Amino acid sequence: MKLPVAIILVIVLAACSGGKGPMPPVAQAQADFEVGDYDRAQKICDRVMADSAGFRTLDVAQLCTLAELYIRLDSARIDALSAVAEPNEASAARCLGRARELSADSVDAFIASRPRERASRLAVINIVSTYLAIPRDSLVVEDEQIYDSL
C-alpha cells in the first residue's frame, strides 16, 4: 500500500514542478527587485557581471534588462536609504556596450520602450558607453591636421 502512495506522490511532485529548471539569473534578479529584495538582486547582477563567459552568452534583451536593473537598484537604494547609492552606472554601461555590439537597433528600441525617467538615464549611459568604445587612437588629432585645416 505504501508503494502506490509513494509513486503517486512522486508523479504529483513532478507535475507540480512543470519540468522547469531554475530561473535565469537576470530574470531572478528582476524578480527579487520587484519584491523589494534589493541586496539579493544586486548580488545576482554582480555575479552575472563577474562571470565573463556567462556574460558573453547573454542576449540583447537580457543585457538591456540587466543595465536597467543596475540603474533601478541605484534609484531604489537612494529612495530607501536617503543616501548615495552604489555606483552601478559603469556596470550598466558595460551591459549596454555589449548589447550594442550585438544589435544597436535593439538597444535603441529597448531604451525607447522604457518609462521616460529610466529611458533618459539609459540613453545617457548608452551615449557614454558608446564614447568609451571608441578606440583612443581615433580621438587623437594630429598637429598637422590642425594646421592644414587653418
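For the range 46-76, name all the residues that are more than 18 Å from Arg118 (Cα to Cα) and surrounded by 12 or more Cβ atoms within 10 Å (Cβ to Cβ). Steps first, please.
Kept after step one, since they are more than 18 Å from Arg118 (Cα to Cα), are these residues of the range 46-76: 46-59.
Across the range 46-76, the qualifying residues are Asp46, Arg47, Val48, Met49, Asp51, Gly54, Phe55, Leu58, Asp59.
Would you mind stating whether Val107 is of a type in the set (Val, Ile, Thr), modelled with pLDDT of 90 or more and surrounded by 13 or more Cβ atoms within 10 Å (Cβ to Cβ)?
Details: of a type in the set (Val, Ile, Thr): yes; modelled with pLDDT of 90 or more: yes; surrounded by 13 or more Cβ atoms within 10 Å (Cβ to Cβ): yes.
Judged against the criteria, Val107 is a match.
Table: residues versus (1) modelled with pLDDT of 90 or more; (2) open to solvent by less than 90 Å² (accessible area, probe 1.4 Å); (3) not acidic (Asp, Glu).
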residue: Ser82; (1), (2), (3): no, no, yes
residue: Ser103; (1), (2), (3): yes, yes, yes
residue: Ile111; (1), (2), (3): yes, yes, yes
residue: Pro135; (1), (2), (3): no, yes, yes
residue: Tyr147; (1), (2), (3): no, no, yes
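I'm trying to understand the selection: among the residues of the range 113-128, which are without any contact (Cβ under 8 Å) to a residue 40 or more places away in the chain and either open to solvent by less than 60 Å² (accessible area, probe 1.4 Å) or not in a helix (DSSP H, G or I) (or both)? Explain how you work it out, then say what you get.
Initial filter on the range 113-128 (without any contact (Cβ under 8 Å) to a residue 40 or more places away in the chain): 113, 115-117, 119-120, 123-124, 126-128.
Residues satisfying the conditions are Pro115, Ala119, Ala123, Asn126.
The values are calculated or read from the model by the stated rules, or taken from the named source; none is laboratory data. Please read these numbers as outputs of a predicted model, since none were measured by experiment. We place every Cβ from the backbone using ideal geometry, glycine too, and count neighbours over all the protein chains shown. Just the protein is used for accessible areas: all its heavy atoms, side chains included, with ligands, DNA and RNA removed. Shrake-Rupley method; radii C 1.70, N 1.55, O 1.52, S 1.80 Å.
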